[in-house]
1. Report, please, the projected area of region 141-287 averaged over directions, based on the convex hull of its C-alpha atoms, in nm².
2. Based only on the alpha carbon positions, what is the Kirkwood hydrodynamic radius of region 172-230, in angstrom?
3. Counting only DSSP beta bridges with both residues in the chain, tell me the antiparallel percent, nearest 5.
4. Assuming a viscosity of 0.692 mPa s and a temperature of 37 °C, what translational diffusion coefficient in µm² per second does Stokes-Einstein assign to region 25-129, Rh being the Kirkwood radius over Cα pairs?
5. Considering amide H positions built from the backbone, and no H for Pro or chain starts, which residues 5 or more places from residue 181, or on another chain, come under 5 Å of its amide H?
6. Where the Cα atoms of region 192-271 are projected onto their three principal axes, how long is each span, largest first, in whole Å?
7. With the dipole of the chain worked out from charges on the C-beta (+1 for Lys and Arg, -1 for Asp and Glu) around the Cα centre, which of 83, 129, 213 lies farthest toward the positive end?
8. What distance in nm lies between label points placed 7 Å from Cα along the C-beta direction at residue 191 and residue 298?
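Where a number appears in this text, it was derived from the coordinates with a stated rule and is not lab data. It should be emphasised that the depicted structure is a prediction, and the values quoted were computed from it without experimental measurement. Backbone-built Cβ (ideal geometry, glycine too); neighbour counts: all protein chains shown.
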Amino acid sequence: MSTTTIAVFGATGNQGGAVVRSLAASSKLAKKVKIQAVTRDPSSDKSKALSNIPGGEAVEPIKIDLDSLASDNADCLKGVDVVFANTNTFEGGPEKEVARGKALIDAAKKANVGLFVWSTLPSAKEMSSGKYTEVEHFEAKAKVTEYLKASGIKWTALSLGWFAENIPTFHMVQKDGSDAFKVNYSILKPDTKVAWTWVASDLGPAAAAVIEAHVTGADANVFNRIIPAAGYQASMGDFVAAVEKASGLKGSYVELPPFGNGDIDDMHRLYNDHGLYQGQTLPDPELVKLGVKFSTIDDVVKALALPALK
């Protein structure tokens, strides 16, 4: 039986790590794949810990320098059939992110990679008809998506929503006396609905389902498409109501001043004006057909909000 090699970039990060865990645990891929966990330092504790996850015997940490792809690492994907990639605008800026993404696609094309799965975002400039031009992490990823679409490689772009992980990261939920709580967040209006992605729970299963369909030859309409990797639309008001229901406490929402980062602040202003993936069915029906179970707002509340109220 032949083995399919899957390279997952950013394997010790939030996105890549979620994908590695889902691939390693997949019963459909068991003993059929080798997972190259691409990381800056294969000898780090985080890299070594990947061998201890369920199915970790299929995981091999390796190092690939994205900034050297155009030169000495041009053959780094030789023998790889599937790539999952995400890059970070805030590590080097948008121009470097676009260059890294394009170089990785070029390397995949040179290696005859069979499927390229890309974590992306839409163009804020296009969404807003030119109003928001400085949401750099959106624009960089959208540019790489366009390059991928024109590459000739079989591809899937998973487009993410507002991160549920923001709840603990920004300490959004706080007790307000003995019988109440506050949800604090910048810029978003209480009735602004956006698509939510709990990266740790949603992205891994979505990417794994797409890759499973490729490896097993399943009939699935998930290729050469941009697919929202989000489970639902919700506002801060909806979130407060869900926390109230789960906790029995009275909640309120406090709209905080801007973060002070133009990119991030304009992203939230974009959400207020246009939402995110409005008019699209969430979760994506094709991913649901493949068995992906996206998180719900109640799942997010239980795991990420209620611990702050104990």
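1. Dividing the Cα hull surface by four gives the mean projection, 10.3 nm².
2. Details: mean 1/r = 0.0667 Å⁻¹.
Taking the inverse mean of 1/r over all distinct Cα pairs, region 172-230 comes out at 15.0 Å.
3. Details: 6 of 41 bridges.
Expressed as a percentage, antiparallel bridges in the chain total about 15.
4. Details: Rh = 15.4 Å.
It diffuses with D of about 213 µm²/s by this estimate.
5. For residue 181, the qualifying residues are 176, 250, 251, 252.
6. 49, 36, 18
7. Farthest along the dipole direction, towards plus: 213.
8. With each label point 7 Å from Cα toward Cβ, the separation is 2.6 nm.
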